[in-house]
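Below you'll find the structure, written out as structure tokens, and then a few comments.
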Amino acid sequence: MAPGEAELRLRERLAKLRNLQLLGGSRLQGELEKLERQLQRVQAEPTDDEIWTSIELARHDERPYTLDYVQRLIEDWVELHGDRSRADDAAIVAGLGRFGDRTVVVVGQQKGRDIQERVHRTFGMAHPEGYRKAMRAMELADRFGFPLLTFVDTAGAYPGVAAEQHGQGGAIARSQARMSRLTVPAVACIIGEGGSGGAVALAVSDRVLMQENAIYSVITPEGCAAILWRDASAAKKAAAAFKPDAAHCLELGVVDAIVPEPDGGAQVDPDGAARLLGDSLGEALEELDTVPPDELRRLRRAKFRAIGVFA
């Protein structure tokens, strides 16, 4: 999507909604307000310093992780363990629960709070066993007709030798393929770092949301700087160049909506951040409720095939 096209698309949707003659009590006003907020975010071009601030907030030690949101948004939570093949990868959490009035399947990365948990969860960087566990949960969602919610928060897939020996690249590819074949509504949200294939493996969804201070990119700023300038300390320069922040991701069309956060970031008010995220997830699921299963799959595939296509 060319720069400015996101703004044009939002303006067109606003114009169409304003011209609709709907009955009283419709959700038109709420939809208008949501689109206007999205338009304001696209028009407010972030500075280089603001982009780096988003990166720092996305990595903040106190930022809510997947299980923090599960605790606040999902009732009757039952976690699933293991890939039914080799091991249980703690970097990926998966399970079933109740979101509002519907049963959902939840999959997400979990980084860990203290050093022991971070080592146990490999800092949220999953092995192939983690992606196989995620696919196991996806298959349950598809089999029983439960919507799928995924929370993305990882610097990338685990880069170790053992992970490569166990088929890391193939596991990531199969996870993406599995999501593309789902016949149930799937909503993903980037809640912190969305890094490389490790993030996309859980984000091939009908709606991809992104929290206001999250980041989403093919590589970390440090990795990009090390490749381009042989100097990882030039990360801020790299981030200013490839712009992984939410506003630019929305402009590029790789995410569908930005989820607002409390002032200062989600870590300032986790309860407030959860409420805002829950509202956005609920709206996305309601939009998808009436779409037939085969049409969901067709539209999802078309959506991702169109990303990166420039006229």
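Odds and ends about this structure:
- Relative contact order (percent, whole number), the range 175-311, Cα cutoff 8 Å, 6+ residue spacing: 26 percent
- Gyration tensor verdict on the range 149-229 (Cα atoms; rounded if a/c is under 1.5, prolate if a/b is larger than b/c, oblate otherwise): oblate
- When the pairs Lys111/Lys303; Lys111/Lys243; Lys237/Lys303; Lys133/Lys237 are compared against a 27 Å limit on Cα-Cα distance, Lys111/Lys303; Lys237/Lys303; Lys133/Lys237 fall above it.
- Net lengthening on full extension, Ala177/Val161 (0.36 nm per residue, minus Cα-Cα): 3.4 nm
- Gap separating the Cα centres of the range 130-194 and the range 224-292, nearest whole Å: 18 Å
- Annotation: per residue accessible area for the range 184-241 equals 32 Å², rounded to a whole number [probe 1.4 Å, protein chains only].
- For the range 152-311, with all protein chains in place and a probe radius of 1.4 Å, 56% of the accessible heavy-atom surface sits on carbon or sulfur.
- Three-way shape label, the range 199-311, alpha-carbon gyration tensor, a/c 1.5: oblate
- Expressed as a whole percent, the accessible surface of the range 85-133 that belongs to carbon and sulfur atoms is 53, based on a 1.4 Å probe.
- An oblate overall shape is assigned to the range 227-277, the ratio a/c of its alpha-carbon gyration tensor axes (a ≥ b ≥ c) being 1.5 or greater and a/b not exceeding b/c.
- Ligands, DNA and RNA are left out, and with a 1.4 angstrom probe the accessible area of the range 71-152 is 44 Å² per residue.
- The per residue volume of the convex hull around the alpha-carbon atoms of the range 33-170 is 161 Å³.
The values are calculated or read from the model by the stated rules, or taken from the named source; none is laboratory data. From a predicted model like this one, the values you see are computed outputs, not experimental measurements. Please note that ligands, DNA and RNA were not included when accessible areas were found on the heavy atoms of the full protein model with its side chains. Shrake-Rupley method; radii C 1.70, N 1.55, O 1.52, S 1.80 Å.
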